[in-house]
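The values are calculated or read from the model by the stated rules, or taken from the named source; none is laboratory data. In this text the structure is predicted, and so the values were computed from the model without any measurement. Reconstructed Cβ throughout: ideal geometry from the backbone, glycine too, with neighbour counts over all protein chains shown.
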Amino acid sequence: MTEPSTPSAPPTVLLEHVAFQWPGSAFRFGVDRFRIEKAERVLLLGPSGGGKSTLLGLISGISQPQKGLIELLGTDLAKLSSAQRDRFRAEHLGVIFQMFNLLPYASALDNVRLGLSFAPKRERRVREKETPEKAAARLLTALGLPEDIQTGQPASLLSSGQQQRVAAARALIGDPELVIADEPTSALDGESQQAFLELIFKQLDRSGSSLLMVSHDERLSRWFDRVIRLADIKHREEAPDAATS
Amino acid sequence: MLLRLSLQSLANRRSTALLTILALAISIALFLSVERVRTGARASFGNTIAGTDLIVGARSGSVQLLLYSVFRIGNATNNMTWESYRDIADRPEVAWTVPISLGDSHRGFRVMGTTDAYFEHYRFRGNAPLTFAGGKRFDDLFDAVLGADVAADLGYKVGDPIVVAHGLGAVGFTKHEDMPFWVSGILAKTGTPVDRTVHVSLKAIEAIHVDWQSGARTPGRSTGADAVRAMDLTPKSITAVLVGVTSKLKTFRLQRHINEYPQEPLLAVLPGVALQELWSLIGVAESALAGVSGMVVLTALIGMVAAILSSLSERRREMAILRAVGAGPSIVGCLMILEAGTLALAGAFTGTFLFLAGLAIAGPIVDQAYGLYLPFSLPSGREFLILAGFVCGGILSGLVPAIGAYRMSLADGMTVRQ
């Protein structure tokens, strides 16, 4: 299943000697080395509260490390302004949260299209083939959301399983290079978990995107190319130097 | 897309949003109403007398002359002689004159002696002439024409007899009961002091005072009404004169001439100037009113900010989602400003609608009851500026929740920490 990455292609994610501390909080977090290749599917296992969400915040460029290097697709996030980081995230990343992924008042289709709102290049990529509406509807259908509930009713009326499909479609639309998922299946029962992951993987196969999913559920391991335990990459002892940024 | 989402977000919180808009709308409607009443009152005031170029009376202050000759407030300190009046009336630049004589009253309403010319030349509210609701001008010596309020308050009809009291008290001690008057006509409502005036002819004023000297009845003398008719009733003095000139250009020359009249100290004032002067005295109340309604608008805006701020914490999710799809913190902040602006705009529109609806309903009633003419028209000029300023104020006050949302979305990052 794994596509060996060509040496010329930069890794999708690269973290080196990263140290982070929430401002005004004692919580410290460090990662010595972490890497995701192109089209690789990585499961990051760890207990809740262990810093998984912090790591996702760092990779998505919303939080800034005090020390160390974070590179996405060969771009050093520290070299970008905060506005450029926001744009970079919009263009190259799809994010699925644990739950409450959607704007509750907007329709499923609008929620999916929101994924393109701040990403003109991604939207252009979609428009080369079809309109964003069509792309969103096609993705939603592919992910198993019946067409009659894609528009015309607010997303808050959907079941939690349906909501996660919409969230997945939003993360996947326009084929971003990296999809980040923060325990996306925790709100689903075992059977729907598997169905949900299968649907996502099918889409990832088409787009060749990488996936980083964090979870505490080891049973998911068999679906992934690589499984990493948070404890293995975390660097607790080395206290980050909060003074430098 | 963002605009649509922000509207949907508002619609999602529609009960709060509608209440906020309602509060804003009421405050704006109130403000516009006060503004319209203010300008209406000012215009009504300024339109109390129109078409008259000069008001002439014995020398005193211009405001005082205006007060007693037009508003029937206070008394003339002095009269002007009939000779001076004739002298002025005969000048070539004078087109018409309306002599008036005050000093008597009827059950609290002033009695004014004048001539037919009064009905001809007195104008109010943009040159409207006096019209009769019933009856006709005074014809006979003892005919009286009542203002609308006099007739309504005292329940007089055409043909009723009335007795004029000497002096101005509501209950006159000395009455001219030997010479009663008959109501010959009742004027239509004007919204000016004319409504509260009993009009009789100058000669009638002279007639009822035939037996009087220095403000008291001469004992032992009683001339009958019929005998009076035979007498020469040319007045010896009058209170004031309304003057129309043949050409506006000659107004100032005539004014100077009258003010420098050698035989008698006289004063001629331009009604517009004197009205302006008087308005500046009572304009303080107007400013206070505007101040209060301004505070109401401010309160509504603060209420709106409070409503948006209280929605922020429950919308942290929404902001985290927006951040995740690449919206910068500034865009999240802009959404708050957009929301505040939308609410303010909706409030302004609804408020204008409420205001116009209220005006359409209450305008004619106010005109009827208080003689305050409020033109029904869309907000214009100053009112439009007020509306625009209000919307700008709404957008500006959106800065408060915007800064809150900006900070919050920076601190929360991608995950909501609570």
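What the table below lists for this structure:
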{"quantity": "Criterion violated by A:GLY49 - all others in (1) surrounded by fewer than 16 Cβ atoms within 10 Å (Cβ to Cβ); (2) at negative phi satisfied", "calculated": "(2)"}
{"quantity": "Flag if A:GLU130 is charged (D, E, K, R), in a loop (DSSP other than H, G, I, E, B) and either in contact with an Asp or Glu (Cβ under 6 Å, 6 or more places away or on another chain) or closer than 25 Å to A:GLU147 by Cβ (or both)", "calculated": "yes"}
{"quantity": "Criterion violated by A:VAL112 - all others in (1) of a type in the set (Val, Ile, Thr); (2) more than 7 Å from chain B (Cβ to nearest Cβ); (3) touching a residue at least 60 places away in the same chain (Cβ under 8 Å); (4) assigned to a strand (DSSP E or B) satisfied", "calculated": "(4)"}
{"quantity": "So B:LEU301, is it within 14 Å of chain A (Cβ to nearest Cβ), in contact (Cβ under 8 Å) with a residue 60 or more places away in the chain and either closer than 30 Å to A:ALA119 by Cα or in a helix (DSSP H, G or I) (or both)", "calculated": "no"}
{"quantity": "Tally, over the stretch A:61-95, of residues that are crowded, with 18+ Cβ neighbours inside 10 Å, within 9 Å of chain B (Cβ to nearest Cβ) and either part of a loop (DSSP other than H, G, I, E, B) or of a type outside the set (Lys, Arg) (or both)", "calculated": "9"}
{"quantity": "Lone qualifier among A:LEU58, A:LEU15 - being modelled with pLDDT of 85 or more, facing chain B (nearest Cβ under 10 Å), crowded, with 22+ Cβ neighbours inside 10 Å and not in a loop (DSSP other than H, G, I, E, B)", "calculated": "A:LEU58"}
{"quantity": "Of all residues in the stretch B:1-24 being within 8 Å of chain A (Cβ to nearest Cβ) and of a type in the set (A, V, I, L, M), the one that is nearest to B:ALA348 (Cα to Cα)", "calculated": "B:ALA11"}
{"quantity": "Members of the stretch B:53-95 that are among the acidic types (Asp, Glu) and in contact (Cβ under 8 Å) with a residue 12 or more places away in the chain", "calculated": "B:ASP53, B:GLU83, B:ASP87, B:GLU93"}
{"quantity": "Complete set of residues in the stretch A:115-131 that are polar (S, T, N, Q) and either in contact with a helix residue (DSSP H, G or I) (Cβ under 9 Å, 6 or more places away or on another chain) or at the interface with chain B (Cβ under 9 Å from one of its Cβ atoms) (or both)", "calculated": "A:SER117"}
{"quantity": "Selection within the stretch B:45-83 - more than 23 Å from B:ARG125 (Cβ to Cβ) and either of a type in the set (Asp, Glu) or assigned to a helix (DSSP H, G or I) (or both)", "calculated": "B:GLN64, B:TRP82, B:GLU83"}
{"quantity": "Residue pairs meeting the criteria (Cβ under 9 Å; at least 6 apart or on separate chains; first in contact (Cβ under 8 Å) with a residue 60 or more places away in the chain and more than 7 Å from chain A (Cβ to nearest Cβ), in the stretch B:315-331; second surrounded by 23 or more Cβ atoms within 10 Å (Cβ to Cβ) and of a type in the set (S, T, N, Q))", "calculated": "B:ARG316/B:SER409; B:MET319/B:SER409; B:ALA320/B:SER409; B:LEU322/B:SER409; B:PRO329/B:SER409"}
